[in-house]
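S.K.: Take a look at the following structure, please.
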Amino acid sequence: MPSLDERIFRKKLTFAFGATDQTLEQDIAVEGEITQIHVILPEFTTAETAVLTILDEDDLKVYESSAITDNGATVIDATRYAANRQTVKLALNAAAGGTGASATVVIYGKGIG
């Protein structure tokens, strides 16, 4: 059996943006190391980019991406330590527009997810 630091975890989050939503967030529990983040954005009607931010339970910034273009998938190699509760925020540069759309964030890492 692998030790805790050798276990791979995967957390999949769906952010369902309404037409007027600009920032959504979700909490996850992670103990270990975040190693890779996948961000899949639809083609929003109004918004053109998004920024992904991960905050720890004291609201300290664990990770913040540069602007991610909509209508595609982005893979981010980001080695960051995480413990307890993390808040994952996805902020669009404008309201989603139209009837809204859903974005997906998948976080991979080592430890307990």
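S.K.: For region 57-69, which residues satisfy the criterion of being among the aliphatic types (A, V, I, L, M), touching a Ser or Thr at 6+ places or on another chain (Cβ under 9 Å) and over 14 Å from I107 (Cβ atoms)?
M.R.: Scanning region 57-69 gives A67, I68.
S.K.: Having 1 or more residues that are among the small types (G, A, S) is the bar; report the strands (runs of 3 or more DSSP E) wholly within the chain that clear it.
M.R.: In the chain, the matching strands (runs of 3 or more DSSP E) lie at 8-17, 23-29, 31-41, 49-55, 72-82, 85-92, 101-112.
So that you can scan it fast, the table gives a plain yes or no per residue for (1) within 12 Å of T104 (Cβ to Cβ); (2) over 14 Å from the mean Cα position of the chain (by Cα):
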| site | (1), (2) |
| --- | --- |
| R7 | no, yes |
| A19 | no, yes |
| I34 | no, no |
| V39 | yes, no |
| P42 | yes, yes |
| L55 | no, no |
| V88 | yes, no |
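S.K.: Let me ask you something else. Taking region 16-55 only, how many residues are acidic (D, E) and either touching a Gly at 6+ places or on another chain (Cβ under 8 Å) or buried (at least 18 other Cβ atoms within 10 Å of the Cβ) (or both)?
M.R.: 3
S.K.: While we're here: Looking at the structure I just gave you, is L60 surrounded by 17 or more Cβ atoms within 10 Å (Cβ to Cβ) and of a type in the set (A, V, I, L, M)?
M.R.: No.
S.K.: Taking the conditions exactly as written (touching a residue at least 12 places away in the same chain (Cβ under 8 Å), more than 14 Å from the chain's Cα centre (by Cα) and more than 16 Å from K12 (Cα to Cα)), does A95 satisfy them or not?
M.R.: yes
S.K.: Working only within region 78-100, note down all residues that are modelled with pLDDT under 95 and charged (D, E, K, R).
M.R.: R80, R85
S.K.: I need every pair where a residue in region 1-17 that is under 17 Å from A101 (Cα atoms) has its Cβ under 7 Å from the Cβ of a residue that is outside any strand (DSSP E or B) and modelled with pLDDT of 95 or more, sequence separation at least 6 or different chains.
M.R.: F17/A96
S.K.: To continue, here is another question. Being surrounded by fewer than 18 Cβ atoms within 10 Å (Cβ to Cβ), more than 10 Å from the chain's Cα centre (by Cα), closer than 18 Å to A16 by Cβ and of a type in the set (G, A, S): is that true of S66 here?
M.R.: For S66, the condition - surrounded by fewer than 18 Cβ atoms within 10 Å (Cβ to Cβ), more than 10 Å from the chain's Cα centre (by Cα), closer than 18 Å to A16 by Cβ and of a type in the set (G, A, S) - is not met.
The values are calculated or read from the model by the stated rules, or taken from the named source; none is laboratory data. Treat the numbers as computed from the prediction; the structure is a model and nothing was measured. Every residue, glycine among them, receives a Cβ derived from its backbone with ideal geometry; neighbour counts consider all protein chains shown.
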